[in-house]
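Shown next, in structure tokens, is the structure this report addresses.
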Amino acid sequence: MKTIQEMVELLKTHGIAKDIDFHFQITAGHYLRDNFCFEPVSMEESHKYDKLCEVSKRVFKSQTSYICLPDISLEDFAINLKNRLYDIFLNHKILVYISLHKSDDGRQLAEKLDRLIILSMILHEIGHWEDFKKCDCMLYVMMEERNKYYSPANENIRDLQKIEAFLTTEEVKIAHFAHIYHNYMEGIEKTANEYAVSTLKKIYPMISSAI
Ligand SMILES: [Zn+2]
């Protein structure tokens with residue numbers, strides 16, 4: 001398994017994300033952040049939505065949700081993550097720790113860590129898709145939840161990253177963040193993280209040899 005696309009295929013063989021439309025984009029650099037996301041509507045459908053009146057918006061159901069992922073090797077993506085998207089890297093390192101620290105010995109986990117972090121990121125986006133399906137693909141509901149998430153309270157996440165500098169061993173660092181970070185994540189991000197954790201826990205025994 002060498003690419004993000006192949007990782008998605010692996011998940012599909014285990015019954016995860018089978019019905020999801022994935023768009024793989026050739027991308028690099030700072031655009032990686034924008035190209036690793038769940039999109040509740042296509043650009044075209046989004047334009048239609050914008051023109052609707054408030055009443056119609058509230059009942060509008062998306063037919064075009066998809067997950068956008070970079071068409072890149074796992075190795076290159078891991079390098080980019082550490083260099084450019086460190087907040088995301090750290091968040092998912094914590095989620096991997098929460099999911100698997102009881103199921104694997106530390107050495108094995110360390111060897112696969114980069115790949116598991118990317119897997120957790122993919123599962124997080126699938127979590128958004130699952131969440132969207134639960135609200136019947138109602139775009140208005142999703143937007144409301146998103147707005148809640150981007151509230152000033154979330155600035156705390158940036159502050160927490162600064163704490164990292166004061167921590168010493170990797171174990172203490174991760175454990176400490178695992179506790180705090182998890183409590184700070186709110187709304188749709190918390191739900192997607194919870195999906196990533198529970199799914200990673202469940203599927204890891206089945207896919208560990210392929211990771
Ligand atoms: Zn998210």
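Nothing in this text is a laboratory measurement; each read-out follows from the coordinates by a stated rule. Small disclaimer: the values here were computed from a predicted structure and weren't measured. Neighbour counts are summed over all protein chains in view; Cβ atoms, including those assigned to glycine, are modelled from backbone coordinates with ideal geometry.
Hydrodynamic estimate: the Kirkwood radius of segment 1-98 over Cα pairs, inserted into Stokes-Einstein at 20 °C and 1.002 mPa s, corresponds to D of 139 µm²/s. Pairs exceeding a 30 Å alpha-carbon distance, out of LYS57/LYS201; LYS112/LYS190; LYS2/LYS48; LYS12/LYS51: LYS57/LYS201; LYS2/LYS48; LYS12/LYS51. Modelled spin-label separation between ALA110 and ILE26, with each label point placed 7 Å from Cα along the Cα-to-Cβ direction: 3.8 nm.
Projection of the Cα convex hull of segment 60-109, averaged over all directions and equal to a quarter of that hull's surface, yields 6.0 nm².
Here the simple spin-label model places points 7 Å from the Cα toward Cβ, and for ARG33 and LYS202 these points are separated by 3.1 nm. For LYS2, the shell of other residues with beta-carbons less than 11 Å away shows a net charge of -2, using +1 for Lys and Arg and -1 for Asp and Glu.
Taking θ as phi - 60° and the Karplus parameters 6.51, -1.76 and 1.60, the scalar couplings of segment 7-17 work out to 5, 5, 4, 4, 4, 5, 5, 9, x, 9, 6 Hz in sequence order, x denoting glycine and proline.
Sorted on the mean count of surrounding Cβ atoms within 10 Å across their residues, most packed first, peptides 115-124, 1-10 read 115-124, 1-10. Pair-distance distribution P(r) for segment 41-155, from all Cα-Cα distances in 10 Å bins starting at 0: 11, 32, 30, 20, 6, 1 percent. Full extension of the chain between LYS2 and ILE79 yields a length gain of 26.3 nm, computed as 0.36 nm times the residue separation minus the alpha carbon distance.
Fully extending the segment from ILE211 to GLU44 would add 56.5 nm, taking 0.36 nm per residue of separation and subtracting the current Cα-Cα distance.
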